Amino acid sequence: MSEPVKMLVEAGRVVAVKRLVEAGRMVAVQEDQDGRRSARITLQDGQLYLHPLLRQPTPAHAHTLQESEVVGVLEPSCTLAFLDLGWAGSTRGRVTIRLTPDTPLARQFVLLCTGQRGHTYRNTKLLEMWCKGQQWERVIGGDYESNDGKGGASLLPDLQGQYRESVRAGVVWSRYGPGDPRCALFVITTKDRKDGHQWPYVFGDVVSGLDVVRAAVNHSDITEVTVVDCGVVLPL
């Protein structure tokens with residue numbers, strides 16, 4: 001097959017995928033001992049988004065893909081996750097995070113955004129806001145177990161790895177170290193740090209939507225801010 005024909009075939013595949021997604025007829029599924037869970041795949045601003053696995057009816061005449069195959073196409077170096085934040089009864093915006101390649105905390109974050117292990121950040125709330133208006137300003141979330149800061153256990157047996165440090169606004173890091181019982185709790189900074197110290201255990205960076213996090217900081221009660229949805233970005 002000539003290269004131009006290959007390109008046309010590939011382009012046709014992308015168009016077909018977009019049509020299925022736009023019609024709400026493409027979902028990822030996972031089977032387990034308790035039955036089937038499915039995840040929506042949506043298209044927004046030219047990007048494909050995989051939402052978390054939930055026990056929900058599969059749309060009629062849907063084109064189904066295995067969740068493991070869908071997530072398997074993600075390269076560690078380009079994995080993007082997203083958190084949709086909402087408060088006061090509406091979704092306020094999407095926070096997109098580029099995850100650091102080959103770090104266990106980043107892989108755990110993907111698991112909790114996709115629900116592959118049965119747990120997800122969806123419907124969890126932000127727990128705390130620290131140092132409002134100061135260079136250490138940051139928000140904490142991620143308690144998928146009890147939603148009050150007392151939970152957030154690891155989904156992976158070993159989270160030790162080579163983690164970077166950073167002073168930048170928008171870095172995403174572990175509230176507690178890789179060996180802590182609550183290491184699924186995450187922190188997002190909203191200001192650059194200028195005191196000579198750095199945030200540890202960084203596994204990602206906000207690439208869009210930091211303004212949404214900053215707006216959440218200014219909400220009257222940070223615990224009213226909820227991760228109304230989450231997931232990962234799929235390559236086209």
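The values are calculated or read from the model by the stated rules, or taken from the named source; none is laboratory data. Everything quoted here is computed from the prediction, not taken from an experiment. Note that each Cβ is placed from the backbone with ideal geometry, even for glycine, and that neighbours are counted across all protein chains shown. Areas reflect the complete protein model, heavy atoms only, side chains present, ligands, DNA and RNA absent. Shrake-Rupley method; radii C 1.70, N 1.55, O 1.52, S 1.80 Å.
Scan the stretch 65-88 and report the pairs whose first residue is of a type in the set (Phe, Trp, Tyr) and at pLDDT 75 or above and whose second residue is part of a strand (DSSP E or B) and open to solvent by 30 Å² or more (accessible area, probe 1.4 Å), with Cβ atoms within less than 8 Å and a gap of 6+ or a chain change.
Matching pairs, first to second residue: Phe82/Arg94; Trp87/Thr226.
What number of residues in the stretch 183-212 are in contact with a Lys or Arg (Cβ under 7 Å, 6 or more places away or on another chain), part of a loop (DSSP other than H, G, I, E, B) and of a type outside the set (Asp, Glu)?
3
It is to be established whether one or more residues within the stretch 145-167 are surrounded by fewer than 23 Cβ atoms within 10 Å (Cβ to Cβ) and within 13 Å of the chain's Cα centre (by Cα).
no
For the stretch 87-142, which fully contained strands (runs of 3 or more DSSP E) count at least 1 residues that are farther than 16 Å from Val212 by Cα and open to solvent by less than 50 Å² (accessible area, probe 1.4 Å)?
Ranges flagged: 90-99.
Might you check whether a residue that is of a type in the set (A, V, I, L, M, F, W, C), in contact with a Leu (Cβ under 7 Å, 6 or more places away or on another chain), modelled with pLDDT under 85 and surrounded by 19 or more Cβ atoms within 10 Å (Cβ to Cβ) occurs anywhere in the stretch 24-39?
yes
Could you figure out which of (1) in contact with a His (Cβ under 9 Å, 6 or more places away or on another chain); (2) without any contact (Cβ under 8 Å) to a residue 40 or more places away in the chain; (3) part of a loop (DSSP other than H, G, I, E, B) isn't true of Arg40?
(3)
Within the stretch 207-218, is even one residue within 26 Å of Thr103 (Cα to Cα), surrounded by fewer than 20 Cβ atoms within 10 Å (Cβ to Cβ) and of a type in the set (Gly, Ala, Ser)?
Within the stretch 207-218, one or more residues are within 26 Å of Thr103 (Cα to Cα), surrounded by fewer than 20 Cβ atoms within 10 Å (Cβ to Cβ) and of a type in the set (Gly, Ala, Ser).
Just need a number here: residues in the stretch 110-130 that are in contact (Cβ under 8 Å) with a residue 40 or more places away in the chain and closer than 13 Å to Val227 by Cβ.
Residues flagged as in contact (Cβ under 8 Å) with a residue 40 or more places away in the chain and closer than 13 Å to Val227 by Cβ within the stretch 110-130 amount to 11.
Please list, ordered by first then second residue, the pairs with beta carbon atoms under 6 Å, 6 or more apart or interchain, first in the stretch 180-198 and within 11 Å of Gly142 (Cα to Cα), second in a loop (DSSP other than H, G, I, E, B) and of a type in the set (A, V, I, L, M).
As it stands, the answer is Cys183/Leu159, since those pairs meet every condition given.
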